[in-house]
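Visitor: Okay, handing you the structure first.
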Amino acid sequence: MPSAIVVGAGIFGASLARHLAGDGWRVSLVDKDRPGHDRGASGDASRLLRSAHGADYWYARSARRARELWRQLEEESGTRLFEEVGVAWLARSPDGWEAESERTLRDEGIPVERLEPDAGRELFPSFDPDGLEFVLVEPEAGVVRARSALLAMVDQAVGAGAQLVLGEAHPVGAAVELDGERRSADIVVWACGAWLAGLFPELVELRVTKQDILYFEAGDEWRTPPVPAWVDYEAAFYGHGSLDGRAVKLVSDAIGPPFDPDLAAEVSPESERATRAFAVTRFPSLAEAPLASGRVCPYALTADTNFIVAPHSEHESVWILGGGSGHGFKHGPALAEYVAGLFAGAEPDPMFALGPRGSGGGLRTASE
Ligand SMILES: Cc1cc2nc3c(=O)[nH]c(=O)nc-3n(C[C@H](O)[C@H](O)[C@H](O)COP(=O)(O)OP(=O)(O)OC[C@H]3O[C@@H](n4cnc5c(N)ncnc54)[C@H](O)[C@@H]3O)c2cc1C
């Protein structure tokens, strides 16, 4: 029976642990904190799941496959994890990201609809179409209850035989040091989100930034479902309606300041100001809505926003998995399938390699 130690029980590590355990591997899933804790990127209440990735086919297919796997996880766990409310892309240019996405999605047979800007008034309780060329709706996209999905994934991993170990791990050669003890396995995977760069400073180039998430109080008409999720790619804002009574999520995707994910932090007044200024122009009824709550979350950004999925340069049994770059959650289970294929001998894609990257991948929004 092959063995693996997966360090990091965020969605990347947990999905991989579950996949490998299901394939008959002996798996230890290690985290320094309880899965779903609020300093990791995967412990937030919700994450968008969309297949649109401009002209990129790899991510479009991965997200589509992940959607199927999230549905399977829902069935296996008996938990409702995915609200298929659609994602509305608010396109400001006739031939930008959204038009490219539309071409890619149609090529892939993924449902997509192009609407007039005014149709946004039917989708949202308050909507100003000014400046939009069209609205691109992905009806089979939506919102994943991220923290619940992560906890379900960890449960399924454990159910499939993985051992969940609490403790802070350190790399020592090809081994893992945990509580002063060295552990080894056929494969060791470091899936440590925003902490990866600190663990492998010579190998991993990541920009870790503070991202503020804001929730605004609004009436029942803003409930998701049916209100869809939305992304304004060029303005770099996104959100969705009130899910499970948590208020309306309205978030700037502008890259925040450098951040230590171990520190407690609060949302900045500037984030609230910028978000209200955006709301005035697009969702006017939210511009003065009371702030319900805020939350800080780390981005772990590669320069080109492609993930990192690569063997360690000196230890071929050690793998680095991360660089979610603010858009990784949805891919979790599909990425695990891809990584398991690499362990079975498939060639890693060079776009996920360690080492310098080009800039400006824009796989999330135009914000960098
Ligand atoms: C504001 C924000 C909005 C986002 N929106 C979306 C979205 O809409 N859709 C989407 O798909 N994605 C989105 N993302 C991105 C997504 O959340 C992340 O890409 C994904 O959650 C990363 O998962 P991870 O497993 O790599 O990292 P994490 O979830 O951070 O997990 C890493 C884990 O490693 C553990 N760890 C670290 N160091 C050690 C150590 N030495 N020993 C033991 N354990 C250790 C940590 O405790 C942590 O639990 C967003 C991210 C943010 C911050």
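The values are calculated or read from the model by the stated rules, or taken from the named source; none is laboratory data. On a predicted model such as this, the values are computed, not experimentally measured, just so you know. When we count neighbours, we look across all protein chains shown, and the Cβ atoms used for this are built from the backbone with ideal geometry, even at glycine. Quick note on the areas: whole protein, heavy atoms, side chains included, nothing else; ligands and nucleic acids left out. Shrake-Rupley method; radii C 1.70, N 1.55, O 1.52, S 1.80 Å.
Visitor: Any idea how far apart Arg246 and Ala287 come out in nm if each label point goes 7 Å out from Cα toward Cβ?
Guide: Label at Arg246, label at Ala287, 2.8 nm between them.
Visitor: Rounded if a/c is under 1.5, else prolate if a/b beats b/c, else oblate: with a ≥ b ≥ c from the C-alpha gyration tensor eigenvalues square-rooted, which is the stretch 206-338?
Guide: Details: a/c = 2.50, a/b = 1.87, b/c = 1.34.
Prolate, since a/c reaches 1.5 and a/b exceeds b/c.
Visitor: Could you order the peptides 154-162, 316-324 from most to least packed, using the average number of other C-beta atoms within 10 Å per residue?
Guide: Values: 154-162: 20.4, 316-324: 23.4.
Averaged packing, sorted descending, gives the order 316-324, 154-162.
Visitor: Could you work out how far helix 146-159 tilts from the main Cα principal axis of the chain, as a 0 to 90 degree angle to the nearest 10?
Guide: 30
Visitor: DSSP loop (so not H, G, I, E, B), at most 14 other Cβ within 10 Å: list which GluC sites (Glu not before Pro) in the stretch 148-227 pass both filters. Display every interim value, and only then the final one.
Guide: Numbers: sites: Glu168, Glu177, Glu181, Glu202, Glu205, Glu217, Glu221; in loops: Glu168, Glu202, Glu205, Glu217.
The qualifying sites are Glu168, Glu202, Glu217.
Visitor: To continue, here is another question. Among 247-257, 329-339, how do they line up from the highest to the lowest mean number of other beta-carbon atoms within 10 Å?
Guide: Details: 247-257: 20.5, 329-339: 24.2.
Those peptides, ordered most packed to least, come out 329-339, 247-257.
Visitor: Taking just the C-alpha trace of the stretch 1-146, give me its Rg and Dmax in Å.
Guide: Here Rg and the maximum Cα pair distance are 18.4, 60 Å.
Visitor: Can you tell me the relative contact order of the chain? Whole percent, Cα pairs under 8 Å, sequence separation 6 or more.
Guide: Numbers: 848 pairs, mean separation 84.5, N = 368.
Value for the chain: 23 percent.
Visitor: Just check the chain against the gyration tensor rule for me: Cα atoms, a ≥ b ≥ c as the square roots of the eigenvalues, rounded for a/c under 1.5, and otherwise prolate or oblate depending on whether a/b exceeds b/c.
Guide: Prolate is the answer for the chain, as a/c is 1.5 or above and a/b outweighs b/c.
Visitor: Rounded to the nearest percent, how much of the accessible area of the chain (1.4 Å probe, protein heavy atoms only) is carbon and sulfur? Can you show the working numbers first?
Guide: Numbers: 6990 of 14790 Å².
Roughly 47 percent, rounded to a whole number.
Visitor: Please list, by residue number, every one of the GluC sites (Glu not before Pro) in the stretch 85-130 that is coil in DSSP and has at most 14 other beta-carbon atoms within 10 Å.
Guide: Those satisfying the criteria are Glu108.
Visitor: What is the spin-label model distance, in nm, from Ser359 to Ala344 if the labels are put 7 Å beyond Cα along the C-beta direction?
Guide: Here the answer is 4.0 nm between the modelled labels.
Visitor: What number comes out for accessible area per residue over the chain if the probe is 1.4 Å? Units Å², please. Write down the numbers at each step before the final one.
Guide: On the way: 14790 Å² over 368 residues.
Normalised by residue count, the accessible surface of the chain is 40 Å².
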